[in-house]
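The values are calculated or read from the model by the stated rules, or taken from the named source; none is laboratory data. Keep in mind it's a predicted model, so treat the numbers as computed, not measured. Methodologically, a virtual Cβ is constructed for each residue, glycine included, from the backbone with ideal geometry; neighbour enumeration extends over all protein chains shown.
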Amino acid sequence: MSIATSPGQFRRPHMDLARFAARLFEAAGLEPAKAETVGRILVLTDMMGRHTHGLAQCHAYLGQIAQGAMAKGGAPDVLRDTGATIVWDGGYLPGLWLVEQALALGFERIAEHGVVTLAMRRSHHIGCLAALAKQATDRGYFVMLASSGPHSRIVAPFGGREALFSPNPFAIGFPTTDFPVLVDISASITTVSMTREKAAAGEMFEHPWLMDSEGRPTRDPGVMERATDRGSLLLLGGQEAGHKGFGLALMVEALTQGLAGHGRRDAPKQWGASVYLQLIDPGAFSGRDAFIGQMDFLAERCHANAPIDPGRPVRLPGEQASRKIAEAEALGVVVSPETARALRGWAERLGVPADILV
């Protein structure tokens, strides 16, 4: 039974949606284990409320498979392995699967090394970073995950008007007793997915979060859709304090492309991600109990802070995601009419029953 949330939307059980998505990817040619991982993590992303990076990505991913831009099978090439540091070439395999494999390798080694760090070149899109980082926080680890696109030019450096960077998202996560803290942000104020969503709907941003080709701030997402005189996303901090976003963008470029040894200098011909993953075991430092005690105290003091609006008390990043996951487990995952329409189209094309979307 579906439970409507707003006009056109409906809910479906998360496990059923994950199996359906996996069948689509397997029918498109992905190896079964890779298809299962991609479907499961996309649905988890929707459960967390990050709908632009959930099942809405199926259309793009399936298109990339059809075009040969996402590899269907195989394993990453190990370029270097010192035990605590690893470098992979992902060969444009599904990014969600690659990062889950990297996490699994880190979990195997962290008891010995305390800190495990992996850099990877030529991954495909790694989706919602928080959904992947959660696998580490669920095991009691601190995690940092970052991604950049060496082929992409979407964000201009501070003081410039020519796009150079990708949005360069990064996430950190750590456990507390009650919920994991999951910070998932980018060096730009907004994202490519949100800009495309606004442009398709004919909507303006509430604030000037973009810049036209002349360097003027704008609310118009259409500046990113132009074939010529294309605009860019503004750095975090905007024109007043964009040097901070600039610094974060440079950090992500160094961690991902610099450590992976593959980046803009190589002028890749197709889109792909350079990735940085680090796992830290608090037990290798002052101990897990000490870590959790400090983080619990911090969370408590944040919650106790007098709110500007009494109706909106302070909450930590990750709290809302935890609540939304519980809601989706109980009531089902929200599917938008746009996503349902795209999924039905691919199901028909690939010969996969789509009864779950009826």
Open item on the list: Quick test for you: out of V78, V87, pick the one residue that is free of Cβ contacts under 8 Å to residues at least 12 places away in the same chain and assigned to a strand (DSSP E or B).
Closed with: V78
Task: S232, sole failed condition from (1) of a type in the set (G, A, S); (2) free of Cβ contacts under 8 Å to residues at least 60 places away in the same chain; (3) farther than 30 Å from F291 by Cβ - done: (2)
- [ ] From L164, L145, grab the single residue that is within 19 Å of the chain's Cα centre (by Cα), aliphatic (A, V, I, L, M) and in the same structural domain as S322 (by TED's automatic domain parsing).
- [x] L145
Task: Verdict on I325 being modelled with pLDDT of 95 or more, in a loop (DSSP other than H, G, I, E, B) and either hydrophobic (A, V, I, L, M, F, W, C) or assigned by TED's automatic domain parsing to the domain that holds I154 (or both) - done: no
Task: Residues of the stretch 259-299 that turn out to be closer than 26 Å to A111 by Cα and assigned to a loop (DSSP other than H, G, I, E, B), as a count - done: 4
Task: Considering residues of the stretch 26-44 that are over 20 Å from the mean Cα position of the chain (by Cα) and charged (D, E, K, R) only, the residue surrounded by the most Cβ atoms within 10 Å (Cβ to Cβ) - done: E26
TODO: List every residue pair whose Cβ atoms sit under 6 Å apart, with the two residues 6 or more apart in sequence or on different chains, where the first one lies in the stretch 140-152 and is under 17 Å from D296 (Cα atoms) and the second, anywhere, is of a type in the set (D, E) and at pLDDT 95 or above.
DONE: Y141/D281
Open item on the list: Go through the stretch 328-358 and report how many residues are part of a loop (DSSP other than H, G, I, E, B) and within 24 Å of P7 (Cβ to Cβ).
Closed with: 4
Open item on the list: Only one of E348, E338 is assigned by TED's automatic domain parsing to the domain that holds L182 and free of Cβ contacts under 8 Å to residues at least 60 places away in the same chain. Can you tell me which?
Closed with: E348
TODO: Looking only at the stretch 190-220, count how many residues are in contact (Cβ under 8 Å) with a residue 40 or more places away in the chain and within 25 Å of the chain's Cα centre (by Cα).
DONE: 7
Open item on the list: Based on this model, can you work out whether L248 counts as in the same structural domain as A130 (by TED's automatic domain parsing), at pLDDT 95 or above, under 20 Å from the mean Cα position of the chain (by Cα) and within 17 Å of S152 (Cα to Cα)?
Closed with: yes
Task: Qualifying position, being out of contact with any His (no Cβ under 6 Å at 6 or more places or on another chain), in the same structural domain as A171 (by TED's automatic domain parsing), over 30 Å from S6 (Cβ atoms) and at pLDDT below 95, among Q278, Q270 - done: Q270
TODO: Collect the residues in the stretch 221-231 that are more than 24 Å from the chain's Cα centre (by Cα) and surrounded by 15 or more Cβ atoms within 10 Å (Cβ to Cβ), keeping them in residue-number order.
DONE: R230
Task: Some residue of the stretch 321-340 being under 25 Å from G106 (Cα atoms) and among the small types (G, A, S) - done: yes
TODO: For Y61, work out the one condition from (1) touching a strand residue (DSSP E or B) at 6+ places or on another chain (Cβ under 8 Å); (2) outside any strand (DSSP E or B); (3) in contact (Cβ under 8 Å) with a residue 60 or more places away in the chain; (4) closer than 22 Å to S148 by Cα it doesn't fulfil.
DONE: (1)
- [ ] Residue by residue through the stretch 198-220, note down the ones that are crowded, with 17+ Cβ neighbours inside 10 Å and in a strand (DSSP E or B).
- [x] L210, M211, T218
TODO: All but one of (1) in contact with a helix residue (DSSP H, G or I) (Cβ under 6 Å, 6 or more places away or on another chain); (2) under 17 Å from R230 (Cβ atoms) hold for P175, so report the exception by its number.
DONE: (2)
